[in-house]
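Enquirer: What follows is a single structure, and I will ask about it in a moment.
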Amino acid sequence: MICEVSFRGHDCIRSNHERTVEVTTGSDLTPAGDCILGVGASAGCAGLPAGIREALRRPGARVRCTFEAGGHSFTVSGHGDPGLVLSDPHDIVLRRSSFICPRTMAVRCDKASDMAPRGMVRALREPGAGGRLVISVD
């Protein structure tokens, strides 16, 4: 099962958080949002297709999320969980931990935003920058 979420860059993209990576439907960002890789996302967790949300909640679900922007790609692999709520309308958060809240889409991920290619981060700071997040669930 695969879906795509588009997003935009912002001049405050820092992508230096060690535990999470996030995209948000919101358009404003401050430097404190150091896990955010994109704003203006086309969906939060609640807006993902029903089939993807169901697949994410299956025991043993494996998730692969590929961020693409500025000619760069960044893939984060993690796991779904039967306890995922997936009800936040604004945010999609991938976590290295097992913490679950309405914003969480994947847990026990192998990477966080601090591992995103710095060329991608610089590209996303440019005016008019955009990208996409390709979500695959097995």
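The values are calculated or read from the model by the stated rules, or taken from the named source; none is laboratory data. As the structure is a prediction and not an experimental result, all values here were calculated from the model. FYI the Cβ positions are ideal-geometry reconstructions off the backbone, even for glycines, and counts take in every protein chain you see.
Enquirer: Can you confirm whether the stretch 51-70 contains a residue that is assigned to a loop (DSSP other than H, G, I, E, B) and on the phi > 0 side of the Ramachandran plot?
Expert: So far as the stretch 51-70 goes, yes, one or more of its residues are assigned to a loop (DSSP other than H, G, I, E, B) and on the phi > 0 side of the Ramachandran plot.
Enquirer: Of D88, D81, which residue is closer than 16 Å to V137 by Cβ, modelled with pLDDT of 95 or more and of a type in the set (D, E)?
Expert: Within the list D88, D81, the selection yields D81.
Enquirer: Assigned to a loop (DSSP other than H, G, I, E, B) and under 15 Å from the mean Cα position of the chain (by Cα), is that true of P127?
Expert: no
Enquirer: So which strands (runs of 3 or more DSSP E) stay within the stretch 1-47 end to end and still have 3 or more residues that are over 20 Å from C101 (Cβ atoms)?
Expert: The qualifying strands (runs of 3 or more DSSP E) are 2-8.
Enquirer: T75 fails exactly one of the following numbered conditions: (1) under 11 Å from the mean Cα position of the chain (by Cα); (2) crowded, with 16+ Cβ neighbours inside 10 Å. What is the number of that condition?
Expert: (2)
Enquirer: Would you point out which residue out of V76, V85, V63, V93 is in contact with a Pro (Cβ under 6 Å, 6 or more places away or on another chain) and not charged (D, E, K, R)?
Expert: Only one candidate qualifies: V85.
Enquirer: Looking at the stretch 33-50, can you tell me whether even one residue there is modelled with pLDDT of 95 or more, over 17 Å from the mean Cα position of the chain (by Cα) and under 19 Å from V85 (Cα atoms)?
Expert: yes
Enquirer: Something else now. Considering only residues that are free of Cβ contacts under 8 Å to residues at least 40 places away in the same chain and either part of a strand (DSSP E or B) or among the acidic types (D, E) (or both), look in the stretch 74-110 and name the one that is farthest from I2 (Cα to Cα).
Expert: D110
Enquirer: Please work out which residue is farthest from D28 (Cα to Cα), limiting yourself to the stretch 85-138 and to residues that are crowded, with 16+ Cβ neighbours inside 10 Å and acidic (D, E).
Expert: D114
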